[in-house]
Amino acid sequence: MVSSYIRMRCPVEEAMARYGRWIGRPELGPPRLVRERDKIDFALADGNWLGLAVYIYDSAPWTVLEELSGGLALRPATDWVTLAENGDLVYAGYNDTVPYAQLVEVEKGRLVRQFLEDEQDPSANVDLGRLPEEAGEPFEDWIQVMGWVEEDEEKLTPSEQGWLWIHRAD
């Protein structure tokens with residue numbers, strides 16, 4: 001399974017404005033309001049991703065940008081801090097086929113946790129900071145981070161509709 005998302009503690013409009021400035025790639029069109037069940041269909045053409053696609057919805061107090069096509073992983077922590085501005089942000093993702101997991105947490109514009117384990121490229125691995133829930137037992141591997149991501153996702157309330165936004169992938 002593959003899952004990755006950004007969540008920012010701010011209204012949808014602000015999150016979309018920040019993301020639009022931050023992504024730095026031309027959009028293929030303006031964000032489009034779609035039903036959740038149609039998000040993948042509208043992001044594909046002939047079975048291929050149209051570009052860097054995210055599905056954006058409100059899960060108060062967070063705005064969630066669900067990464068549909070991939071392409072956001074492995075960015076440096078400074079990129080996530082920039083996107084957070086002075087607020088709170090989480091980037092979380094995993095791919096159990098690779099195997100790989102990543103977690104970045106920014107609070108009030110300050111990086112508090114960065115974990116990346118990629119078994120295909122161990123030179124990219126990072127383990128900085130700690131979350132309060134790691135006080136007794138810090139993350140040791142990608143499997144523990146994958147479990148954290150799955151638990152975190154369960155706390156989010158997906159919307160029946162959200163904004164599909166696609167930017168050029170190159």
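The values are calculated or read from the model by the stated rules, or taken from the named source; none is laboratory data. What you see is a predicted model; the values in this text were computed from it and never measured. When we count neighbours, we look across all protein chains shown, and the Cβ atoms used for this are built from the backbone with ideal geometry, even at glycine. Please note that ligands, DNA and RNA were not included when accessible areas were found on the heavy atoms of the full protein model with its side chains. Shrake-Rupley method; radii C 1.70, N 1.55, O 1.52, S 1.80 Å.
Observations on the structure shown:
- Phi angles across region 25-32 convert, under the Karplus curve 6.51 cos²θ - 1.76 cosθ + 1.60 with θ = phi - 60°, into 3J(HN,Hα) values of 10, x, 7, 7, x, x, x, 10 Hz, Gly and Pro given as x.
- Working note: 222 nm ellipticity from helices only, DSSP H runs with n ≥ 4, each -39,500 (n - 2.57), summed and divided by the residues of the chain, gives -6500 deg cm²/dmol to the nearest 500.
- Gyration tensor verdict on the chain (Cα atoms; rounded if a/c is under 1.5, prolate if a/b is larger than b/c, oblate otherwise): prolate
- Working from label points 7 Å from Cα in the Cα-to-Cβ sense, the residue 169 to residue 79 distance is 1.5 nm.
- Based on Cα contacts under 8 Å between residues 6+ apart, region 1-92 shows a relative contact order of 48 percent.
- Amide H contacts of residue 169 (H built 1.01 Å from N, in plane; Pro and chain starts excluded): 52 sit under 5 Å, all sequence-distant by 5 or more or on other chains.
- In order along region 127-144, the Karplus-derived 3J(HN,Hα) couplings, from 6.51 cos²θ - 1.76 cosθ + 1.60 at θ = phi - 60°, round to 8, 10, x, 8, 8, x, 6, 9, 3, x, 8, x, 4, 10, 7, 4, 5, 5 Hz, and Gly and Pro are given as x.
- Anisotropy class of region 46-118 from Cα gyration tensor, a/c 1.5 cut: oblate
- Surface analysis of region 1-60 yields an accessible area of 54 Å² per residue, using protein heavy atoms and a 1.4 Å probe.
- GNM top mover of 153, 119, 137 - the chain, alpha-carbon springs below 10 Å: 137
- From phi via Karplus (6.51, -1.76, 1.60), per-residue ³J(HN,Hα) for region 10-17 in Hz, x at Gly/Pro: 5, x, 3, 4, 5, 4, 5, 5
- Among 118, 88, 38, the largest mean-square fluctuation in a Gaussian network model of the chain (Cα springs under 10 Å) belongs to 38.
- Portion, in percent, of the accessible area of region 3-46 that falls on carbon or sulfur, probe 1.4 Å: 51 percent
- Result for the chain in a Gaussian network model with C-alpha springs under 10 Å: among 120, 102, 144, the largest mean-square fluctuation is at 120.
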